[in-house]
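Step one of this worksheet: look at the structure below.
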């Protein structure tokens, strides 16, 4: 089995999704042969200035010729050859048309939808080319399956949990804020923490690459996960209120990253389809009180409860291993495609369970149900 991982480049200063994709690629590479097929970000990101879209489209044939030559050579070996295309927007789908000359060289063509977008006519034409669609959001997945003639699979947020699970006790960051947030809530809590050095230390971590100090996505991902592993508490908010998600409320990568690193999660749990089954262990998310006057006292109580922080550190990391490692998602996909699980994948799944057991041994019985 060989996975051909088609995505926006993980080696330039492109879209923030590089962080997530780097974790996925690491996990795939641990269980089988992987070929990374990068699409330069300038091809799918809209350029600025007059005629930007036309200029971007003109770059696609050049990109296609380069990738096609590689694909032709790399699919000459025995298969199965699986194309796994990371899709953020209709632009990614359109870019894949540059692979038309080698499209039939893949035994299975998978569109892996990892962001929300409109299901317009362009999407309909492009998605029907794939044999299968995996989707991070179950509500969006059901809509895709209802409107287009393509089978689907719910692939909730996931990462290389085995490679980054942490229950380390040294955590100098009290509160961690990553990316999208409730702005009013953040400003209120940040102002409280900033007003005195004897108050909790809150860190605002940006997931967007710095164009002045760009680094490969793998390094950006390591920075992200190392920061989570140094934090006691991470804030996570349902994406439903963000205009980009159009009212949908899937589980996003921030929860998975925080659980993997052993953080206590405080925030608002998503209520989308399928989320309950992904988060149904005790204290997976501590819901922030709706009354704003109660929020800071609640947070201070959580930080003062060392036993609770330790308990959730172990439980969250163990549950992330058992539920949200990328290798579980790959196993589910192979099962749906009626393909055997490679021996390396089976071995890694055994390692995941073994590590989860070793982490969970410290959880008291009353917190296991």
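The table that follows gives values for the structure above.
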item	result
Condition met for residue 25 (at pLDDT 80 or above and in contact with a helix residue (DSSP H, G or I) (Cβ under 9 Å, 6 or more places away or on another chain))	yes
Residue match in the range 109-120 (condition: modelled with pLDDT under 85 and either over 30 Å from residue 254 (Cα atoms) or in the same structural domain as residue 215 (by TED's automatic domain parsing) (or both))	no
Residue list for the range 250-284, filter: assigned to a loop (DSSP other than H, G, I, E, B) and surrounded by fewer than 21 Cβ atoms within 10 Å (Cβ to Cβ)	268, 269, 271, 273, 274, 279, 280, 281, 282, 283, 284
Criterion: out of contact with any helix residue (DSSP H, G or I) (no Cβ under 6 Å at 6 or more places or on another chain), modelled with pLDDT under 95, at negative phi and buried (at least 17 other Cβ atoms within 10 Å of the Cβ) - qualifying residue of 171, 185	185
Subset of the range 60-93 that is out of contact with any strand residue (DSSP E or B) (no Cβ under 6 Å at 6 or more places or on another chain) and in contact (Cβ under 8 Å) with a residue 40 or more places away in the chain - its residue that is nearest to residue 17 (Cα to Cα)	88
Subset of the range 230-239 [outside any strand (DSSP E or B) and over 17 Å from the mean Cα position of the chain (by Cα)]	230
Single residue of 71, 54 found to be at pLDDT 95 or above, assigned by TED's automatic domain parsing to the domain that holds residue 117 and not in a loop (DSSP other than H, G, I, E, B)	71
Residue match in the range 191-208 (condition: surrounded by 17 or more Cβ atoms within 10 Å (Cβ to Cβ), more than 30 Å from residue 321 (Cβ to Cβ), free of Cβ contacts under 8 Å to residues at least 40 places away in the same chain and in contact with a strand residue (DSSP E or B) (Cβ under 9 Å, 6 or more places away or on another chain))	yes
Count of the range 76-108 residues which are farther than 13 Å from residue 127 by Cα, at pLDDT below 95 and surrounded by 20 or more Cβ atoms within 10 Å (Cβ to Cβ)	2
Residues satisfying the stated conditions in the range 111-149, i.e. without any contact (Cβ under 8 Å) to a residue 24 or more places away in the chain, more than 25 Å from residue 278 (Cβ to Cβ) and assigned to a helix (DSSP H, G or I)	121, 125
Options 264, 285, 279: the member that is under 18 Å from residue 318 (Cα atoms) and in contact with a helix residue (DSSP H, G or I) (Cβ under 7 Å, 6 or more places away or on another chain)	264
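A quick yes/no check of all residues on (1) outside the structural domain of residue 219 (by TED's automatic domain parsing); (2) out of contact with any helix residue (DSSP H, G or I) (no Cβ under 8 Å at 6 or more places or on another chain); (3) surrounded by 19 or more Cβ atoms within 10 Å (Cβ to Cβ); (4) modelled with pLDDT of 85 or more:
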site: 6; (1), (2), (3), (4): yes, no, yes, yes
site: 9; (1), (2), (3), (4): yes, no, yes, no
site: 29; (1), (2), (3), (4): yes, yes, no, yes
site: 33; (1), (2), (3), (4): yes, yes, no, yes
site: 39; (1), (2), (3), (4): yes, no, yes, no
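The values are calculated or read from the model by the stated rules, or taken from the named source; none is laboratory data. Just so we're clear, the structure is a prediction, and the values are computed from it rather than from any experiment. Every residue, glycine among them, receives a Cβ derived from its backbone with ideal geometry; neighbour counts consider all protein chains shown.
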